[in-house]
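Here the structure is laid out as structure tokens; the discussion comes afterwards.
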Amino acid sequence: MYFIDQEIEAYSEAHTSPESDLLKRLNRQTHVKILHPRMLSGHFQGRMLSMISWMVRPKVVLEIGTYTGYSALCFAEGLAEGGKVITMDIKAELEPFVREFLDQSDYKNQIDYRLGNARDLIPDLDEVFDIVFIDADKPSYSTYYDLTIDRVRPGGWIIADNVLWSGKVAQANAKIDKDTQHLLDFNAKIQKDDRVENILLPIRDGLMVVRKK
């Protein structure tokens, strides 16, 4: 994942507001206790997600891919009064760890944490989304986009993580593995969709930020 100049990244983090004590503990405990801690949004990206939430002041955020709950807590910081984050993940083994931290948060009553396959859970939701955050299995990114785009309000947002995939999407002469191909296809799909405007931000592993017209 470390394809962005690390000195620039460190300088950027040093000039970014700190994460809360709870997020700092969650960050640390994820690295100590949970497999694949690189999946965590972390300090710098987490502050970006929080900033977006504060700018949008969403009533409803849908997060596809909870992992250990870090990004859900970041989105919750900027919710409008009475707003909520619906976050879903298929990994039931992480539930005790996630709930331990959600229960310690000031936003515990605003985060609706659901277990199951997002393909099954999303069609049962009645809400209109202000923000959708896609950070789950890469082969399903296009499916998650198709399941949510018509449910996002005009002027609402879809954000997809890992769209640079450690820089592999831009390596023209490299062998393309399946996940890289799925992300190449997803990025191309967004670029061609005339229902939206989009910008790919080289933040951490890449954020595709999409605004529905």
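Numbers below:
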{"read-out": "Hits in segment 119-136 (condition: assigned to a helix (DSSP H, G or I), open to solvent by 50 Å² or more (accessible area, probe 1.4 Å) and not basic (Lys, Arg))", "value": "ASP120, PRO123, ASP124"}
{"read-out": "Contacts under 6 angstrom Cβ, first residue in segment 115-140 being more than 27 Å from MET51 (Cβ to Cβ), partner open to solvent by less than 20 Å² (accessible area, probe 1.4 Å) and among the hydroxyl-bearing types (Ser, Thr, Tyr), 6 or more apart", "value": "none"}
{"read-out": "Of the criteria (1) more than 17 Å from ASP205 (Cα to Cα); (2) open to solvent by 40 Å² or more (accessible area, probe 1.4 Å); (3) of a type in the set (D, E, K, R), which one GLU77 fails", "value": "(2)"}
{"read-out": "Number of the condition not met by GLY116 [criteria: (1) open to solvent by less than 30 Å² (accessible area, probe 1.4 Å); (2) touching a Leu at 6+ places or on another chain (Cβ under 8 Å)]", "value": "(2)"}
{"read-out": "Index of the failed condition, LEU102 passing every other in (1) out of contact with any Ser or Thr (no Cβ under 7 Å at 6 or more places or on another chain); (2) closer than 17 Å to GLY46 by Cα; (3) assigned to a strand (DSSP E or B); (4) of a type outside the set (Phe, Trp, Tyr)", "value": "(3)"}
{"read-out": "Enumerated helices (runs of 4 or more DSSP H) restricted to segment 1-68, each holding at least 2 residues that are open to solvent by less than 30 Å² (accessible area, probe 1.4 Å)", "value": "21-33, 42-56"}
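The values are calculated or read from the model by the stated rules, or taken from the named source; none is laboratory data. Quantities reported herein were computed from a predicted structural model and do not represent experimental measurements. Note: ideal-geometry Cβ built from the backbone for every residue, glycine included; neighbour counts use all protein chains shown. In case anyone asks, the SASA skips ligands and DNA or RNA and just uses the protein heavy atoms, side chains included. Shrake-Rupley method; radii C 1.70, N 1.55, O 1.52, S 1.80 Å.
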